[in-house]
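Right, one structure below, let's go through it.
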Amino acid sequence: MNRVSLLKYLFKSSSTTCLGSTYATFSNKKFLNENKSVTVKGNQFNGFESEFLQFIKTTKDLTSIHQFKKDVILKYKTVLLTDTSFDAVFMRMCIACRNYSLGKQFLDHINQSDRQVNTATLARYLELCYHCKEEIMDKSEVERLCHVVKSNSLYPSPSIQQSLILGFSITDNWREGYKLLSESEGTSTSLSMNAIIDCLFKNDQIDTAVSWINKIIISKGKKVHDFTYEHWLRKCADQQIGCNSFFDFLVKSGVFLNTSIIQQFKDLLENRLIDPFVGHFTTIDEGTGRCRSCEKVLQNSEISDDEFANLKKGLMEKVLLGTDVYLGSKPDEIRRFQNFIQKTAPYDVVIDGLNVAHQGKQTFKYPDQALSSVVKYFTNQNLRVLVLTRKHLLRGTTLKSALVFATENLSGDDPFLLCSAVQSSHTKFVSEDVFRDHLFRLGDFRLQNIFRRWQHKAQMQIVSFDKNGRVRFQQPRKYRTISQFSDGCWHIPYDDGTPRYSYELPATWLCLQPKTSKITK
């Protein structure tokens, strides 16, 4: 293993989850992965890492550390664990266990052994200090160590830079962490971003904090952590502008808050002195779009011609012709596609062939049979159908009743699908994908908002195939599942934690009505 690979291992994220998604796979099964390896704080560990965890959990001091080091290195004989890397691995396992006491002892142990603490170990210690900041009495020592790491790293790696940001964030010199974050925005983790945003809130720099939150979700697609939401809501309790910015964020980002955060938001709005609300957790009638609490009908706004034209332009320029697409598609293939749609567009329906083939695996013996079934469903209605697929799926398959554009087997075909679908405002498209990566490539939150509205209207998702091979589609809702305000009331969808298929949106809502109005239940 080369030095770069070893460093990547040593700085492996300590926030990696061991649980699988609660969303469906192509076979439409809700599941949670069984976890057969050791798990601590949501992290999954195997091999020698498990032995480190056992040692850290069962020891109170480091009297046996030398023997443990000798035994574990000899037992596993791997390039991932050597005399040099042992210290950083040990500190990383202390982070996994959130064991600050032993991590501090280990750092003192290295210094007392007349050994130099390497930069990787010290950076990991800074991360441990961040996760256990409540236990640290002297934050000035953390700041001193941050400067040591910084001075030792003329050109710090992204991992070391993130550790520095986390370390500085718990000190009085948090602005140094903010400076580092601004310099490394493109490679920053959501945790380091959230840590600095928390500092901005603590120091009443509300506008800057909200601006960074918008960067995390709307532009970067990263996660806003619960502690950031909680601090934001505490600020909302103090000033009206905070509440307005939170509402604005919910509308623009389309995020679904979890049960804990939505409850805190409800309590805040019900207890504030100025313009309080009364909140009810409720559901929406699927057929009518009517709230079962206030009986108001939710929005299902149409997309204007200008909005659709801007979306089409944005998808063509930023998703199809953007630099990222060349990683999965050759320029010649893109030109071939552009010529194809100029000659054949528009379409009534565009089908994601690879996606449909995967979804039909449980019903059909061969993947192309599912594709043929879906094509037949639409062509029997005299609709003009385009199939976007991979070349290998067309072997021995005849789709005479549909237009076909086949990409190379290793190409990324999502950009072709989306750009085909926006050739006309009436076009529907069939896919299980949620297109989050392409959504964020659009950049502009206004375009992203239009994209979501268009996707809600245009995307058709397969629920199942019956025993005769006939396809059944998920019917789109009569309303938009996004935070919205009308007639003085807010309706905010939230995630109650119920596992759901990937094509399903949350069915739980918070209905907020002005406290002074007549409440209809």
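Checking the cross-link pairs LYS69/LYS104; LYS222/LYS313; LYS70/LYS223 against a 29 Å limit on the alpha carbon distance flags LYS70/LYS223 as lying beyond it. Accessible surface calculations at 1.4 Å, restricted to protein heavy atoms, place region 249-339 at 53 Å² per residue.
Can you give the FRET efficiency to the nearest 0.05 for ARG472 and ARG436, using r as the Cβ-Cβ distance and R₀ = 30 Å? Please list the in-between numbers first.
Details: r = 25 Å, r/R0 = 0.84.
The value I calculate is 0.75.
Each label point was placed 7 Å from the Cα along the Cα-to-Cβ direction; for LYS330 and ARG144 their separation is 6.1 nm. The listed residues MET137, MET93 rank as MET137, MET93 when sorted by accessible area, largest first, using a 1.4 Å probe. Using a/c under 1.5 as the rounded threshold, could you call region 159-220 rounded, prolate or oblate? The axes a ≥ b ≥ c are square roots of the C-alpha gyration tensor eigenvalues, and prolate needs a/b larger than b/c, oblate otherwise. Taking the square roots of the gyration eigenvalues as a ≥ b ≥ c, region 159-220 is oblate.
By the rule of a C-alpha distance below 19 Å, with chain neighbours fewer than 8 residues away ignored, the aspartates and glutamates paired with LYS330 are GLU317, GLU408, ASP413, ASP414.
Distances over 27 Å make up what percent of all Cα-Cα pairs in region 344-475? More than 27 Å apart: 16 percent of the Cα pairs in region 344-475.
Using only the heavy atoms of the protein chains and a 1.4 Å probe, how would GLU270, GLU302 rank by accessible area, largest first? Present the calculation step by step, with values, prior to reporting the outcome.
Details: GLU270 45, GLU302 125 Å².
Descending order: GLU302, GLU270.
Ligands, DNA and RNA left out, the accessible area of region 258-383 computed with a 1.4 Å probe is 49% carbon and sulfur.
In the complete set of protein chains, residue-level accessible area for LYS133 is approximately 50 Å², probe 1.4 angstrom.
Ignoring ligands, DNA and RNA, what percent of the accessible area of region 417-521 is carbon or sulfur (1.4 Å)? Walk me through the intermediate numbers first.
Numbers: 2260 of 4580 Å².
So the carbon and sulfur contribution to the accessible surface is 49 percent.
Excluding residues on the same chain fewer than 8 positions from LYS235, give the lysines whose Cα lies under 19 Å from its Cα. Here the lysines satisfying the reach criterion relative to LYS235 are LYS202, LYS266.
In order along region 434-442, the phi-based Karplus estimate (6.51 cos²θ - 1.76 cosθ + 1.60, θ = phi - 60°) of 3J(HN,Hα) comes to 9, 6, 4, 5, 6, 4, 6, 5, 5 Hz; Gly and Pro are listed as x.
Share of carbon and sulfur in the accessible area of region 159-246 stands at 43%, probe radius 1.4 Å.
On a per residue basis, region 98-239 carries 44 Å² of accessible surface, using protein heavy atoms and a 1.4 Å probe. Backbone amide hydrogens, once placed in the peptide plane, bring THR407 within less than 5 Å of THR389, ARG390, LYS391, excluding anything fewer than 5 places away on its chain.
Close amide H partners of GLN459, meaning residues 5 or more places away or on another chain with modelled amide H under 5 Å apart, are PHE429. Rounded to 0.05, the FRET efficiency of the THR288 and ASP444 pair, given R0 = 22 Å and the Cβ-Cβ distance, is 0.10.
The values are calculated or read from the model by the stated rules, or taken from the named source; none is laboratory data. As the structure is a computational prediction, the values presented were derived from the model and not from experiment. Methodologically, a virtual Cβ is constructed for each residue, glycine included, from the backbone with ideal geometry; neighbour enumeration extends over all protein chains shown. Accessible surface areas use protein heavy atoms only, side chains included; no ligands, DNA or RNA. Shrake-Rupley method; radii C 1.70, N 1.55, O 1.52, S 1.80 Å.
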